[in-house]
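Here the structure comes first, spelled out in structure tokens, and everything after it is commentary.
The values are calculated or read from the model by the stated rules, or taken from the named source; none is laboratory data. Fair warning: this is a prediction, and the values are worked out from it, not measured in the lab. All Cβ positions, even for glycine, are placed from backbone atoms using ideal geometry, and neighbour counts span all protein chains on display. Heads up: the accessible areas ignore ligands, DNA and RNA and are worked out on the full protein's heavy atoms, side chains in. Shrake-Rupley method; radii C 1.70, N 1.55, O 1.52, S 1.80 Å.
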Amino acid sequence: MSKLTPVTAAADRGARQDHPAPRDRQARWDRRVALGALASATDAPRDRQAPRDRRVALGALALLLLLSACSQPTPPPPATSAETTAPTPTPYVPQPVYCADPAVSTLCATIPSTIGPDPGLNSGFGYAGLSNFVNSAAEDVQTPFDNMSWQMFVALNWQANQSGSDPRAGLSGAGSTVWQTWARPEDVFGGPVGECPNPNNLPRFNIIAKSGAQGSRDEEFIQATGQPLIDVKGNWTLFERRLNSVEQDYLQSKGLNTYAGQQTFVQAGQSVLFPPGDTSKTNGAPGAMELKAAWRIISTADEARYFHTKGLIDVQGAYVRDGQPLCAEVTLGLVGLHIIQANAAQHNLLPQFIWASFEHQDNAPFAAAACDATDAKCYKTIPNSLCPAPNAGDFSFSRTACDSVTTNNPPVPAQGDSAFIWERQQPYAQAYMTTTPSGEQCGTQVARCWKVYHLTDQLNSAWRAQLKAIDSVFANYYLIGTNWGGNVEPDGTQPTNGSVPTFMVNSTLETFIQSSLEFSNCVDCHKGANLAYTETDNSTTPPTTKHFSANFSFLPSLAQQQSCADVTAGPIYSNQQAQKVCPQVCSAQEEAWNGQWTTTQFGVMSVCGCCSG
């Protein structure tokens with residue numbers, strides 16, 4: 001017996017309905033006979049026999065109707081699954097909002113002041129964290145944060161002299177961006193001006209030798225965790241920090257840019273609270289903002305793939321192999337970017353900072369067994385950030401030929417070095433490269449241990465397509481995630497640190513802490529940010545040091561308590577000469593020049609102001 005397909009089966013059922021089965025035809029005939037009998041009985045002469053005939057006819061009719069009902073054909077079998085399956089619901093896809101100005105639908109230069117509408121953030125008593133089961137915008141808490149991140153990225157990378165231009169001109173990457181016009185920490189907190197002449201006024205990466213370990217003032221090539229990062233060419237990765245005028249004005253107006261000012265601030269009973277962005281509209285006044293960029297030295301052949309700039313490397317002699325200052329102009333390609341903005345409380349969003357983190361697509365591969373962003377407990381499977389990515393190809397911080405090198409393993413000072421030392425020529429980190437058994441010279445072998453959250457990844461595709469459509473170099477960058485402090489209510493199976501997502505690390509800025517639950521994301525790390533000013537509590541045994549919160553920013557810790565003294569420097573005749581002589585004189589004392597000098601005996605002796613701390 002042949003098997004009917006759904007189509008032929010349906011046609012067969014239609015045929016059976018058009019041509020009733022014999023049993024069905026018999027039932028219809030019986031009903032007609034009964035009705036005919038009833039009609040005959042009704043039409044009979046009105047005599048005593050008529051009532052009896054009608055009763056017989058009615059009884060026969062009832063019996064026949066009952067038999068007819070019982071003889072109805074068996075209902076057809078249920079339709080097959082192919083016939084009854086409902087249309088598959090369209091999978092939810094997050095929608096990009098290309099501009100913080102609601103009146104503009106294209107990429108724009110407007111810096112957002114807050115996230116857009118986020119109904120999921122406002123519901124319930126808490127937020128459970130990222131989920132792989134999001135079916136609508138009402139359930140999608142993360143995308144408004146990710147759209148804000150992209151809006152900041154685009155607006156801050158807009159050409160500073162093209163604020164009113166169309167996106168193609170504004171995002172060409174041909175000149176200084178908006179964020180590159182912001183202040184550097186040394187503009188706010190002071191610091192040595194460097195030793196190298198800079199006639200072209202290039203961005204200066206000032207590697208300053210200080211007494212003690214390489215620390216916060218050496219963040220031009222040391223990550224916040226205290227280790228440097230070496231690219232595949234054997235060069236150090238460089239870093240710079242910027243802050244917007246809102247944060248700069250707050251720090252200076254409160255006296256938080258000096259140690260003495262912080263002391264006065266604290267003793268007056270005040271607490272640091274950076275101004276948040278306007279929450280009444282997305283294109284309101286932005287709040288306090290900071291930015292940290294990661295750069296690698298690139299060749300002319302690489303320039304087309306990167307947003308790039310010329311930079312001046314200014315390394316004091318104490319960090320150079322031959323003991324002499326290193327001055328070098330290089331081309332730098334942007335490989336990583338943190339953007340943060342202070343935010344006000346909004347239901348389950350805590351009043352902290354919103355962190356956006358971006359990377360270049362060529363940085364490093366994702367590990368073969370990269371963790372899902374929603375599965376925080378996966379960190380236990382990648383101890384010491386060990387997450388290999390074998391045969392992944394060649395990247396800026398990873399090579400297939402270096403697969404035998406342990407992934408995400410920080411460099412260590414070479415034998416005899418008390419700090420990380422620069423070579424006179426490139427590769428500047430030659431002494432810290434790893435040699436494989438086959439003779440390959442390898443830098444830091446980096447792999448990304450965490451996948452990008454799937455909704456963030458989908459949103460990235462939309463934003464990058466817009467950038468690609470205008471031939472912007474920024475299409476080569478992607479958002480790894482947006483981190484924010486929240487009223488998080490975990491389900492009991494996942495670790496949490498009160499922020500979303502629980503793990504989010506940039507492979508160029510936090511390479512070596514991808515499995516650290518203690519420092520698993522930006523919010524978690526910056527919780528420990530304090531002012532430089534401290535107080536000693538002598539009522540305890542032993543005495544303890546009391547710290548004061550800097551509201552998630554490490555910059556105020558740069559306001560060092562200085563101890564300054566005059567150091568003889570021989571005859572100095574001009575400010576230009578002092579700019580060359582005094583930094584060297586102070587560096588020899590393991591101190592920094594404070595920019596002051598004076599002549600004590602004309603033509604014989606001058607002194608420079610040298611400060612420690």
* Using the Cα gyration tensor of region 223-378, with a ≥ b ≥ c the square roots of its eigenvalues, what is the shape: rounded (a/c below 1.5), prolate (a/b larger than b/c) or oblate (neither)? -> oblate
* Asked: Of 319, 283, 263, which is farthest along the charge dipole of region 262-337 in the positive direction, counting Lys and Arg as +1 and Asp and Glu as -1 at C-beta?
  -> 283
* Set the Förster radius R0 to 60 Å, insert the Cβ-Cβ distance between residue 103 and residue 415 as r into 1/(1 + (r/R0)^6), and round the FRET efficiency to 0.05. => 0.45
* Asked: At residue 517 and residue 245, where each label point lies 7 Å from the Cα along Cα→Cβ, what is the point-to-point distance in nanometres?
  -> 4.6
* **Label zone at residue 184, where the point sits 7 Å out along the Cα-to-Cβ direction: region 273-312 residues whose backbone N lies under 11 Å** => 311-312
* Asked: Which is farthest toward the positive dipole end of region 463-613 among 512, 477, 592, measuring Cα position about the Cα centre, with Cβ charges +1 (Lys, Arg) and -1 (Asp, Glu)?
  -> 477
* Which net charge results when you count Lys and Arg as +1 and Asp and Glu as -1 among the other residues whose beta-carbon is under 10 Å from that of residue 373? -> -2
* **region 226-370, accessible surface, carbon-and-sulfur percent (1.4 angstrom probe)** => 50
* Asked: So between residue 549 and residue 537, what do we pick up on full extension, going 0.36 nm a residue minus the alpha carbon distance?
  -> 2.7 nm
* Structure fact -> In whole percent, the fraction of accessible protein surface over region 487-612 that belongs to carbon or sulfur atoms, probe radius 1.4 Å, stands at 47
* Asked: In terms of the Cα gyration tensor, with a ≥ b ≥ c the square roots of its eigenvalues, is region 266-343 rounded because a/c is under 1.5, prolate because a/b exceeds b/c, or oblate?
  -> oblate
* Structure fact -> D (µm²/s, integer) via Stokes-Einstein for region 99-257, Kirkwood Rh across alpha-carbon pairs, 25 °C, 0.890 mPa s: value 126
* Structure fact -> Long-range amide H partners of residue 183, meaning residues 5 or more apart or on another chain whose placed amide H is closer than 5 Å, are 243
* Structure fact -> Extension length gain for residue 454 and residue 404 (0.36 nm per residue less Cα distance), in nm, is 15.0 nm
* Asked: Dividing the convex hull volume of the Cα atoms of region 195-314 by its residue count, what figure in Å³ per residue is obtained?
  -> 195
* Asked: Expressed as a whole number of Å, what is the distance separating the alpha-carbon centroids of region 243-294 and region 409-441?
  -> 39
* Give me the lysines in straight-line cross-link reach of residue 380: C-alpha distance below 26 Å, same-chain residues under 8 apart excluded. => 451, 527
* Shape category assigned to region 442-567 from the gyration tensor of Cα positions, a/c cut at 1.5 -> prolate
* Structure fact -> Nearest-0.05 FRET efficiency for residue 381 and residue 426 at R0 = 56 Å, using Cβ-Cβ distance, is 0.90
* Determine, for each peptide in 340-348, 158-166, the mean count of other beta carbons within 10 angstrom over its residues, then list the peptides with the highest first. => 340-348, 158-166
* Structure fact -> A chain fully extended from residue 345 to residue 568 at 0.36 nm per residue, minus the present Cα-Cα distance, gains in nm 74.8 nm
* Structure fact -> Phi-derived 3J(HN,Hα) across region 92-100 with the Karplus relation (6.51, -1.76, 1.60, θ = phi - 60°), rounded Hz, x for Gly and Pro, is 5, 10, x, 9, x, 10, 6, 9, 6
* Asked: What ranking do 89-95, 140-146, 375-381 get when scored by the average of other Cβ atoms within 10 Å per residue, highest first?
  -> 140-146, 375-381, 89-95
* Structure fact -> Around residue 359 (Cβ within 15 Å, Cβ-to-Cβ, excluding residue 359; K/R +1, D/E -1) the net charge comes to +1
* Asked: If amide H atoms are built 1.01 Å from N in the plane of the peptide, which residues on other chains or at least 5 residues away come under 5 Å of the amide H of residue 422?
  -> 320, 321
* To do: Please work out the average accessible area per residue across region 316-461, using the 1.4 Å probe convention, and give it in Å².
  => 40
* Asked: Taking a temperature of 10 °C and a viscosity of 1.306 mPa s, what whole-number D in µm²/s does Stokes-Einstein yield for region 557-613 with Rh from Kirkwood over alpha carbon pairs?
  -> 141
* Asked: What residues have an amide H closer than 5 Å to that of residue 221, excluding those fewer than 5 places away on the same chain, when H is modeled at 1.01 Å from N in the peptide plane?
  -> 239
* Structure fact -> The summed charge of the residue 470 Cβ neighbourhood (under 14 Å; Lys/Arg +1, Asp/Glu -1) stands at +1
* Structure fact -> In units of 2.2 N^0.38 Å, the Cα radius of gyration of region 364-503 is 1.30
